[in-house]
Amino acid sequence: MAEGLSASLDRPVEVDTVGDRSFFGHPRGLSVLFFTEMWERFSFYGMRALLILFMTAAPAAGGLGFDAATAGAVYGLYTSMVYVAALPGGWLADRLLGPRHAVLYGGLLICAGHFSMAVPSLTTFYLGLLLIVLGTGLLKGNVSVLVGRLYATDDARRDAGFSIFYMGINLGAFIAPLVCGYLGQRIDWHLGFGAAGVGMLIGVVQYLLGGHHLGEAGLYPADPGTPALLAAQKRGARRWLLGGTAALVLAALAVGTGVVQVSPGAVADAAGVLLLLLTLACFAWLFLANRWSADERRRLIVVVVLFVAASLFWSAFEQAGTTLNLFADRNTRTTLGGLSFPSSWFQSVNSLFLIAFAPVFAWLWVWLARRRAEPSSTAKFAVGLVLVGAGFATLVGGAVLAERGAMVSPNWLILTYFLHTCGELTLSPVGLSAMTKLSPVRISGLIMGVWFLATAVGNYTGGRIAGLYEAWPLPSLFGVVAAFAVGAGLVLLLLTRPLGRMVGARH
């Protein structure tokens, strides 16, 4: 899972929680945010487990009947926009809403999106995806901001608090496919989507009921210094919000009424171009519109290299919801001990491995650091790429059997997910840390946005790769993905020492 923490974690504490240890030694407000995030991830991963299966299912089976190319384009567009939306979501929270209200409004939009998808029509399906994107953009980053504001900057409990919070992410992601996947595949697709909405609704209700445990944390937008500046800041943000909302409504009406004819593939193609332009503009601004010291410029070069590596990693890893989901549904035996289970249940394997092995990796880095043998961030990125590639290389064997008409053992996918999880634990948390260390102080928030942008690019690319599922032989498709990931990892491994010298071997 491409999960991350907000860049705005070191804001001044707004509620006295120094003496509050009522939630496993942490502020009681952490429990409120833990369950908010858990239910948000339940709704997200519950729906995601069904998404491409629903789109490719035949209309007679209640699906949309899309081919893999169209379904992959829609999937990639949706998952990439979820992460891109975190940028305007954070901006609105800082300028107008405050993180506390942003989380609430985001949760309500997510509920509306899932319940819209529970209505069986193509229009409500697309409307639901749009609402979930907007809601997740408001909620995802800002709920992490609220966690940070429960602690003073030097509070020794801070990192442990985020570790507990992160467990909520994995717990929700583990449970979701088991519940929503069963309801969607075995009873009715739209019941599964509705169940995801019920989960988010539970999260919103407990968030409202437990709000008093958060004190004043995140209630207000960022204060620019004077009442006049604050009023001007809010006016500007309102204008942008109203303009953006109007543009979205007009576009939706134009498409929904047939005034403008667009295909999902065309929209995804346009979004891909915009995503590329956004990425190029972001890095052009970083290097050309600022004056950096020689050391800062070298560190930004390393950021670019890690951005490319992360994008490649997520483009392979996030195929869990696309090519691997289709392989589980079409080519893998879904029986265990004589009992049949929905293919979407495989989507819980990654989270189960994360829960089991995250403490092991955390201990491993500390153990290696004490012996001065801990790999650099660049080396860990390289290992992560090799591991995600190795997962696909492993699956080539299962794909060969599947091409011969066999329904293959679940062990092929389980081993693949194990290797992918190890790759995620090697790269994802390390990437968050590396971005904060490498970024110049005055643009630390923007650099964290760059990290989310890498996730968006990877998700979009992974969705488009999934479009080849029915066009390429499976061994070739999995083999090419494996070769690119492993090859990129080996190249990055060769660059580890030169990049280390550029930043004084710190990263």
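Points worth noting:
- Of all lysines in the structure, the ones whose alpha carbon falls short of 28 Å from that of Lys380, not counting any fewer than 8 places away in one chain, are Lys140, Lys437.
- Extended-chain gain in nm, criterion 0.36 nm per residue less alpha-carbon gap, Ser163 and Arg239: 23.6 nm
- Subtracting the Cα-Cα distance of Ser263 and Phe287 from 0.36 nm times their residue separation leaves 5.0 nm of extension gain.
- Comparing Gly148, Thr421, Gly107 along the charge dipole axis of the chain, the residue lying farthest to the positive side is Gly148, per the Cβ-charge model.
- Theoretical FRET efficiency, 1/(1+(r/R0)^6), r = Cβ-Cβ of Val366 and Val480, R0 35 Å, to 0.05: 0.40
- Modelled FRET efficiency - R0 60 Å, Asp295 with Ala60, Cβ distances, 0.05 increments: 0.45
- Where chymotrypsin sites (Phe, Trp or Tyr not before Pro) fall in DSSP loop in region 29-65, at most 12 other Cβ within 10 Å: none
- Here the peptides 349-360, 101-112 are ranked by packing, the mean other Cβ count within 10 Å, and the order with the highest first is 101-112, 349-360.
- Region 26-222, relative contact order [Cα under 8 Å, separation at least 6], %: 40 percent
- In the chain, the calculated helix contribution to ellipticity at 222 nm averages -24500 deg cm²/dmol per residue, counting -39,500 (n - 2.57) for every DSSP H run with n ≥ 4.
Rule-based calculations on the coordinates, nothing more; no lab input. Predicted, not measured: the structure shown is a model, and the values here were computed from it. Don't worry about glycine lacking a Cβ; one is built from the backbone with ideal geometry, like all the others, and counts go over all protein chains shown.
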